[in-house]
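Participant: Dropping the structure in here first, questions after.
The values are calculated or read from the model by the stated rules, or taken from the named source; none is laboratory data. Computed from a predicted model, the values in this text were never measured in an experiment. Virtual Cβ from ideal backbone geometry, glycine too; neighbours counted across all protein chains shown.
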Amino acid sequence: MKKLLSLLAMINLSLSGAADRPNILYIMSDDHAAHAIGAYGSRLAELDPTPTIDRLAKEGMLFENAFCTNAICAPSRASVITGQYPHTNGVYDLGGGIEGGRQFLAIEMKKAGYETAMVGKWHLKEEPAAFDFYTVLPGQGDYHNPTFRVRGEKGWPKDTIKVDDTHSSDAITDITLDWLKEGRKTDKPFFLMHHYKAPHDYFEHAERYNDYLKNIDIPEPENLWLENQPKFGSIATLGYEGELIPHIGTSIGLRNPRRSYAVDLPPLFPKDFPADYDPASYTQEEIKRMSYNAYLKNYLRCIKGIDDNLARLFAYLEETGQMDNTVIVYTGDQGFMLGEHDYQDKRWMYEESMRMPFLIRHPETIQAGSRTDAIIENVDFAPTLLDFAGVETPEYMQGASFKEVCETGAEPAGWKQEAYYRYWMHMAHHDNPGHVGIRTKTHKLIFYYGCNYEGAYQTPPAWELYDLEKDPHENVNVYDDPEYSALREELKDRLAQLREKIGDTGEDYPKAEKVIREFWDYDGEDQAKAIEISAAFKAVREQELIEMAAKKKAKAKAKK
């Protein structure tokens, strides 16, 4: 009888009129950090790159503590579409995908009577088959003259369209507007996922923004410079007595010889460097400052393109009377390091990378200009959007709806007081060690276990603890401070309990779990072994650099 009543309720919901339920517009950019949005009030707010996005904060709610559970594109997107943590949905890294039968958010929206669409960057390999309509970039996609995969007679992924003479942010907005104006097949409310490629590196913006911020010196984070953060990090991120500083985390300046913006950006953006630029003519400090400015200017130029395109999209919703009957969310798939600690990219559990922007507007139910410090994770996004559609959270989803927080500003009884994080892609692409941790409203505990899925290619394990009330930019690791010993043990216990609760128990990759358990206590023996691992990894990495240089030399010789 209970199942019959639930089925009847779902049928009634599906048949009810659009006026009873709002449209839902989920906007997500790639790598758009919260501190690059004016409404978040960071050092970049004075540049005002996001007046349209800021409107959502002025007319809705801003979440101060929105976090991803794994700061890398595919895993974050998989958590959003499934409402599950990476170890549950199986998307641990960039190699993962979500097939149509597990695209749960779209499936449940369709059951609830919504017409569904996915436009822009998808990045989950499999066809977005659960959506009524899709036009998506293949993989990362191209910034200029992009090709899109569409539903057609040839079958995924063969049917494509190409948009010439257009930047991807413009093309994605055009496609969404075309669907809203002419492509919809029903008068049902819509659920639309509108995803930009920008501002993913290497920040290829539309040409009309070439002069944006041209003569501006971008405000720097104090911890761009290592000498300003002598108590930052641990042997896991620095090596024993700093021996791994060149090898952990890709850099803005020339610190990391394998990959840095000081090397990568000058050929890509010569307009942002002196006309006669020659690295030999400048100090390392000057090169780093030029690289930082080139990085941030082109990143913000991409964001300016997003913001201007959202102005077009919002204008259409206003003109058609749909703006106020649409729940509008703006977020990124994770944050991004904008020079903090001399790091580029994301992947880290540090605040700038783990934190996601999350702004939500729905005038009928959400108070304008409201803010909350409630902790939310990207696994909670699907349950919340479904709640706005009148759908209860399915049992298979691990997240929970925070619709009540949006509408009242208060956390429901028993609401989560910590966020979970795990980065699995040990030392891939941007030289980030594997790590796991917990983030509360006031503190962050990170455990760099330092190995790949098979427990190999080890970097030195270590713990880091940050007091976010006293040290919001995470410059002082207090793990070994006696004043924090009780809190440290409490947070380690909470992390262990949270791992058990959400099912990240190590059964999927037991060799990596063995390393986690071996170094969990981090006693004197563990610390001594970490020192040995640091020296061994330094030797491995230096040999890799020699081999890399030899390959580069051979390639250059072959070209001649």
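Participant: For the list (1) part of a loop (DSSP other than H, G, I, E, B); (2) closer than 22 Å to G113 by Cβ, I need the number of the one condition that P383 fails.
Facilitator: Result: P383 fails condition (1) only.
Participant: Out of all the residues in segment 475-507, which are part of a loop (DSSP other than H, G, I, E, B) and either touching a Gly at 6+ places or on another chain (Cβ under 9 Å) or among the β-branched types (V, I, T) (or both)? Walk me through it before giving the result.
Facilitator: Restricting attention to segment 475-507, the residues satisfying the condition of being part of a loop (DSSP other than H, G, I, E, B) are 475-481, 503-507.
Within segment 475-507, V476, N477, V478, T505 meet the criteria.
Participant: Can you tell me which residue is surrounded by the fewest Cβ atoms within 10 Å (Cβ to Cβ) among those in segment 453-472 that are aromatic (F, W, Y) and on the phi < 0 side of the Ramachandran plot?
Facilitator: Y453
Participant: To continue, here is another question. If you go through segment 37-93, how many residues are over 30 Å from D324 (Cβ atoms), part of a loop (DSSP other than H, G, I, E, B) and either of a type in the set (D, E) or modelled with pLDDT under 95 (or both)?
Facilitator: Residues meeting the conditions: 1.
Participant: Related question: Filter segment 424-452 for residues that are assigned to a loop (DSSP other than H, G, I, E, B), of a type in the set (A, V, I, L, M, F, W, C) and crowded, with 24+ Cβ neighbours inside 10 Å and give the result. Please lay out each step first, then the result.
Facilitator: Within segment 424-452, the first condition is being assigned to a loop (DSSP other than H, G, I, E, B), and the residues that meet it are 424-434, 440-442, 449-452.
Of the ones still in play, those that are also of a type in the set (A, V, I, L, M, F, W, C) are 424-425, 427-428, 451.
Within segment 424-452, just C451 meets the criteria.
Participant: Here are A117, A129: which of them is part of a loop (DSSP other than H, G, I, E, B), more than 21 Å from the chain's Cα centre (by Cα) and touching a residue at least 12 places away in the same chain (Cβ under 8 Å)? Spell out the reasoning first.
Facilitator: Working: A117 fails: part of a loop (DSSP other than H, G, I, E, B).
Criteria check complete, one pass: A129.
Participant: Considering segment 308-327 alone, what residues qualify as being among the acidic types (D, E) and in contact (Cβ under 8 Å) with a residue 12 or more places away in the chain?
Facilitator: Taking segment 308-327 as the starting set, the residues that turn out to be among the acidic types (D, E) are 308, 318-319, 324.
The answer is D308, D324.
Participant: Let me ask another. Mind checking whether some residue in segment 198-216 is among the hydroxyl-bearing types (S, T, Y), surrounded by 14 or more Cβ atoms within 10 Å (Cβ to Cβ), in contact with a strand residue (DSSP E or B) (Cβ under 7 Å, 6 or more places away or on another chain) and touching a residue at least 12 places away in the same chain (Cβ under 8 Å)? It would help to see each step written out before you state the result.
Facilitator: Pass one, segment 198-216, residues among the hydroxyl-bearing types (S, T, Y): 202, 209, 212.
Then keep just the ones that are surrounded by 14 or more Cβ atoms within 10 Å (Cβ to Cβ); that gives 202, 209, 212.
Pick out the ones that are also in contact with a strand residue (DSSP E or B) (Cβ under 7 Å, 6 or more places away or on another chain) and you get none.
Looking for residues that are among the hydroxyl-bearing types (S, T, Y), surrounded by 14 or more Cβ atoms within 10 Å (Cβ to Cβ), in contact with a strand residue (DSSP E or B) (Cβ under 7 Å, 6 or more places away or on another chain) and touching a residue at least 12 places away in the same chain (Cβ under 8 Å), one finds none in segment 198-216, hence no.
Participant: Could you please find all residues in segment 203-253 being touching an Asp or Glu at 6+ places or on another chain (Cβ under 8 Å) and among the β-branched types (V, I, T)?
Facilitator: Across segment 203-253, the qualifying residues are T237, I248, T250, I252.
Participant: For L124, are the conditions met, namely being touching a residue at least 60 places away in the same chain (Cβ under 8 Å), out of contact with any strand residue (DSSP E or B) (no Cβ under 7 Å at 6 or more places or on another chain) and not in a strand (DSSP E or B)?
Facilitator: Details: touching a residue at least 60 places away in the same chain (Cβ under 8 Å): no; out of contact with any strand residue (DSSP E or B) (no Cβ under 7 Å at 6 or more places or on another chain): yes; not in a strand (DSSP E or B): yes.
So L124 fails the test.
Participant: Applying the selection to segment 278-325, what residues are acidic (D, E), in the same structural domain as R255 (by TED's automatic domain parsing) and in a helix (DSSP H, G or I)? If you could, list the steps in order and put the result at the bottom.
Facilitator: Pass one, segment 278-325, residues acidic (D, E): 278, 285-286, 307-308, 318-319, 324.
With in the same structural domain as R255 (by TED's automatic domain parsing) added as a condition, the list becomes 278, 285-286.
Once the filter is applied, which keeps residues that are acidic (D, E), in the same structural domain as R255 (by TED's automatic domain parsing) and in a helix (DSSP H, G or I), segment 278-325 yields E285, E286.
Participant: Let me ask something additional. Considering each of E351, E340 in turn, give the residue that is among the acidic types (D, E), more than 18 Å from I24 (Cα to Cα), surrounded by 24 or more Cβ atoms within 10 Å (Cβ to Cβ) and modelled with pLDDT of 95 or more.
Facilitator: Being among the acidic types (D, E), more than 18 Å from I24 (Cα to Cα), surrounded by 24 or more Cβ atoms within 10 Å (Cβ to Cβ) and modelled with pLDDT of 95 or more holds for just one of E351, E340, which is E340.
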